[in-house]
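Enquirer: Structure in structure tokens, see below.
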Amino acid sequence: MNCYECAQSGRASAAVAICRLCGAAVCTEHVHSEPMQVREPAQPGKVIHDQSARRLTCPLCRAAEESV
Ligand SMILES: [Zn+2]
Ligand SMILES: [Zn+2]
């Protein structure tokens, strides 16, 4: 699959990620990766620990989120 953003501007780049929000394929140049902390719900007798996760978005969804 090729990068959706690149395809819009007539280029063809191999996609390395899929936007979590819109499902568009994006290349290394267009992908926005941000760390996300996932906190597991507390359960009796279980130690709460934060787990590192990752969130990948395309430029369009990132811009849309930032304009809110
Ligand atoms: Zn691209
Ligand atoms: Zn997107």
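Enquirer: In segment 42-52, is there at least one residue being at pLDDT below 95, within 15 Å of ligand 2 (Cβ to nearest atom), within 18 Å of the chain's Cα centre (by Cα) and at negative phi?
Expert: Scanning segment 42-52, I find no residue that is at pLDDT below 95, within 15 Å of ligand 2 (Cβ to nearest atom), within 18 Å of the chain's Cα centre (by Cα) and at negative phi, so the answer is no.
Enquirer: Moving on to the next point. Here are 66, 34: which of them is without any contact (Cβ under 8 Å) to a residue 24 or more places away in the chain, touching a Leu at 6+ places or on another chain (Cβ under 9 Å) and exposed (fewer than 13 other Cβ atoms within 10 Å of the Cβ)?
Expert: 34
Enquirer: Please go through segment 1-51 and pick out each residue that is of a type in the set (Asp, Glu) and within 8 Å of ligand 1 (Cβ to nearest atom).
Expert: Passing the criteria: 5, 29.
Enquirer: Residues in segment 41-57: is at least one in contact with a helix residue (DSSP H, G or I) (Cβ under 6 Å, 6 or more places away or on another chain) and free of Cβ contacts under 8 Å to residues at least 60 places away in the same chain?
Expert: No, there is no match, as no residue in segment 41-57 is in contact with a helix residue (DSSP H, G or I) (Cβ under 6 Å, 6 or more places away or on another chain) and free of Cβ contacts under 8 Å to residues at least 60 places away in the same chain.
Enquirer: Filter segment 16-68 for residues that are assigned to a loop (DSSP other than H, G, I, E, B) and among the hydroxyl-bearing types (Ser, Thr, Tyr); which is farthest from residue 4 (Cα to Cα)?
Expert: Among those residues, the one meeting the criterion is 67.
Enquirer: To continue, here is another question. Do we find a residue being among the aliphatic types (A, V, I, L, M) and either assigned to a loop (DSSP other than H, G, I, E, B) or under 17 Å from the mean Cα position of the chain (by Cα) (or both) anywhere in segment 2-11?
Expert: No, segment 2-11 has no match at all.
Enquirer: Let me ask another. Just one of 7, 17, 24 is surrounded by 10 or more Cβ atoms within 10 Å (Cβ to Cβ), at pLDDT 95 or above and touching a Leu at 6+ places or on another chain (Cβ under 6 Å); which is it?
Expert: Selected residue: 17, the only one of 7, 17, 24 that is surrounded by 10 or more Cβ atoms within 10 Å (Cβ to Cβ), at pLDDT 95 or above and touching a Leu at 6+ places or on another chain (Cβ under 6 Å).
The values are calculated or read from the model by the stated rules, or taken from the named source; none is laboratory data. Since the structure is predicted, the reported quantities are computational estimates derived from the model, not experimental observations. Positions of Cβ are generated from backbone atoms using ideal geometry, with glycine treated the same way; all protein chains shown enter the neighbour counts.
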